Amino acid sequence: MFGISKLLPGVLLSRNKLSSCHRLLLNLQTVSFSVEIAPDADKKSAYYVTTPIYYANGAPHLGHLYTSVSADMIARFQRLKGKEVHFVTGTDDHGQKVQQAAAKNNQTPLEFTNKMASQFEELGRQFNISNTDFIRTTSDRHKEGVVAMWKRLEDQGYIYKGMYEGWYSVRDECFYSEDELVHYENSDVKSSESSSTTGVVEAVPSSTPVVPISPRYCSPESGDEVSWVQEESYFFKLSAFSRILLEHYETNPCFIAPVSKRNEVISFIKGTKPSEEGEDISEEDAYNLKDLSISRTSFSWGIPVPSGADPRVPAHVIYVWMDALMNYLSALGLDETCFDASGFVGNDMLDRVWPADVHIMGKDILRFHAVYWPAFLLAAGVPLPKSIFAHGWWVMNGQKMSKSIGNVTTPADVLSLYGHDNTDYVRYFLLSEIVFGNDGDYNPQAFVHRVNSNLANDYGNLIQRSASMINKHAQGVVPTFGSVVDTPEDVELLAMADSCVRSFDTHMNSLNLYQAVEEISRLCRACNKYFDTAAPWKLAKMIDNSQNQGRNCNTITAPDNDIVRFYKVLAMTTEFIRRIAVLYSCVIPASSAKIFALYGTPDVLQTWASIQPGFNGYRDISLLLPEGPIQPIFPRIVVPVDNNSSKYVKTKKRQKAKKKADVAGL
């Protein structure tokens with residue numbers, strides 16, 4: 001229970017110099033209230049991860065896939081550790097931007113969004129996204145959840161009607177205050193009295209209009225030109241939650257990640273610029289949130305406001321972000337029965353799954369998730385999600401990929417690159433190329449280099465070499481460890497594997513996805529070093545002439561120590577190929593499945609428990625390779641010589657040749 005004193009917007013925002021007419025318009029009065037925050041449900045047992053529901057105004061691009069693949073890696077990791085996982089994604093079908101896109105395509109909004117939603121669903125199937133639910137804002141269950149939340153907020157006194165005048169970006173579906181906008185050329189614009197940096201413009205009385213002479217402002221996010229909007233609107237009392245949100249951020253430092261984004265949100269609420277050290281959140285006079293317009297009358301494609309309709313005014317539809325954010329609850333069956341006189345009572349699904357463990361999204365929509373979303377939940381008495389993570393953008397030539405700009409790279413573009421069609425290659429590149437939370441610049445050369453170096457050369461070649469030796473010298477039966485004593489080299493590699501698994505676990509729990517993938521690469525490099533140092537191909541020469549062609553190290557008697565070592569090296573190498581495949585099952589699941597199938601790996605050896613320190617079940621389980629040549633799991637991507645992108649590969653080769661020449665003294 002948070003007890004705070006509350007004034008209606010005219011008083012609460014008096015420091016923002018609201019006019020007396022504005023206060024009159026809002027029927028100024030003073031009340032006291034308390035916000036009830038329900039504790040985490042005792043029955044919660046599932047891990048809940050979400051992507052945002054993607055805006056259905058165009059086909060999916062690489063940025064959408066990055067969000068989905070990142071969330072999928074988290075979901076797969078939690079399942080690997082034995083947890084029930086609920087993973088929700090979907091499409092946001094409503095809004096002015098969608099309505100405009102549909103009109104350009106000579107389709108109704110529903111026809112258009114049906115087509116777009118099917119493309120997002122197909123993307124998920126194609127790239128092995130393991131979501132357990134796909135929700136659309138046009139679905140009946142979602143509409144029920146949105147209406148239930150609206151009525152709850154209205155009953156609690158957090159919604160009122162006023163007049164909105166201000167700047168709006170259709171592309172961003174976001175309101176902006178004048179001082180947030182980019183003035184991209186000289187223009188003579190009359191501005192309002194407010195100097196807010198909150199991004200939400202106040203309700204302004206029609207008696208004091210603010211009329212721009214020339215609309216030459218653009219959005220700070222997308223760079224798109226904004227338009228001046230003047231219409232009746234319902235407002236949500238967002239201004240009541242400045243202090244409580246800041247206190248929540250302070251007492252729950254992991255609520256918003258990364259830290260740099262947390263500082264930006266704090267500065268957004270306080271109306272200050274972010275600093276490297278963060279800001280002191282105890283300065284009450286710095287609170288600067290304003291009430292949020294949550295309905296529109298200038299277009300019709302959305303969920304109608306459930307309040308009583310007045311035939312004298314245009315019909316209101318719910319603001320697209322208030323609509324969209326509710327999907328995280330409507331996917332769990334939120335409806336009016338989830339609230340009663342005592343507050344939020346939930347249902348069986350909500351009890352098991354909510355609150356969300358993490359919402360994953362791009363940094364451009366962090367404001368909606370870190371400010372508006374928790375404010376809605378607080379007002380309704382619903383527990384807050386545990387964490388919100390804003391990742392960076394994939395950019396092309398320094399610009400965010402955007403359907404509106406037209407600089408997008410689609411997943412199909414990457415799949416068709418140089419003729420490869422391996423979806424795991426795309427997944428791997430996205431998860432291994434940039435630190436999760438940072439921006440990354442996509443280019444085909446980096447993609448080819450990353451895939452060929454880490455997958456084809458390091459891991460794939462290790463599988464190919466060791467498996468071929470097993471087929472040739474052990475009739476395809478993977479040697480077992482038996483009771484042969486581990487050498488110092490074996491012990492070192494085993495310790496290295498345990499260290500990598502612990503670090504992988506730590507990084508995944510902290511959502512350091514890039515570092516987690518790097519731990520797998522580190523283990524793979526160590527295994528290659530072990531294999532190359534042991535040089536089993538030299539030992540193999542003795543196998544063909546030996547009478548000891550058994551595959552169990554115990555069956556080989558002294559003095560055949562070299563033969564024993566040969567089988568032990570193959571057993572060790574295969575074991576670490578397996579452990580790497582278990583870790584990679586979160587990153588490149590289809591490839592891991594192929595590796596397990598290649599060796600006939602039983603289910604018990606595909607688990608998280610099977611790669612933990614102290615697990616020795618692998619030592620006496622014999623694996624069997626198929627007859628015939630071993631087909632590459634990770635075939636190299638071959639770059640055509642006449643392709644411009646081959647310059648990257650040629651440069652690498654020249655640099656390597658020069659280095660060898662320098663060493664040789666040439």
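The values are calculated or read from the model by the stated rules, or taken from the named source; none is laboratory data. Source: prediction; values computed, not measured. Accessible surface is based on the protein model in full, side chains and every heavy atom, while ligands, DNA and RNA are left aside. Shrake-Rupley method; radii C 1.70, N 1.55, O 1.52, S 1.80 Å.
Data for the structure
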| quantity | calculated |
| --- | --- |
| Largest to smallest accessible area among Tyr176, Tyr418 [probe 1.4 Å] | Tyr418, Tyr176 |
| Protein-only accessible surface order, largest first, of Lys386, Lys261 at 1.4 Å | Lys386, Lys261 |
| Probe 1.4 Å, protein heavy atoms only - accessible area per residue of region 67-183 in square angstrom | 36 Å² |
| Percent accessible area from carbon and sulfur atoms, region 57-135, protein chains only, probe 1.4 Å | 44 percent |
| Whole-Å distance, taken between Cα centres, linking region 601-623 and region 446-482 | 19 Å |
| Portion, in percent, of the accessible area of region 356-426 that falls on carbon or sulfur, probe 1.4 Å | 48 percent |
| Rounded accessible area of Ile434 (nearest 10 Å², 1.4 Å probe) | 20 Å² |
| With all protein chains modelled, accessible area of Glu250 [1.4 Å, Å²] | 110 Å² |
| Whole-number accessible area per residue in Å² for region 337-377, which is evaluated in the context of all protein chains at 1.4 Å | 27 Å² |
| Ser521, Ser342, ranked by accessible area, largest first (probe 1.4 Å) | Ser342, Ser521 |
| 1.4 Å probe accessible area per residue over region 395-489, in Å² | 37 Å² |
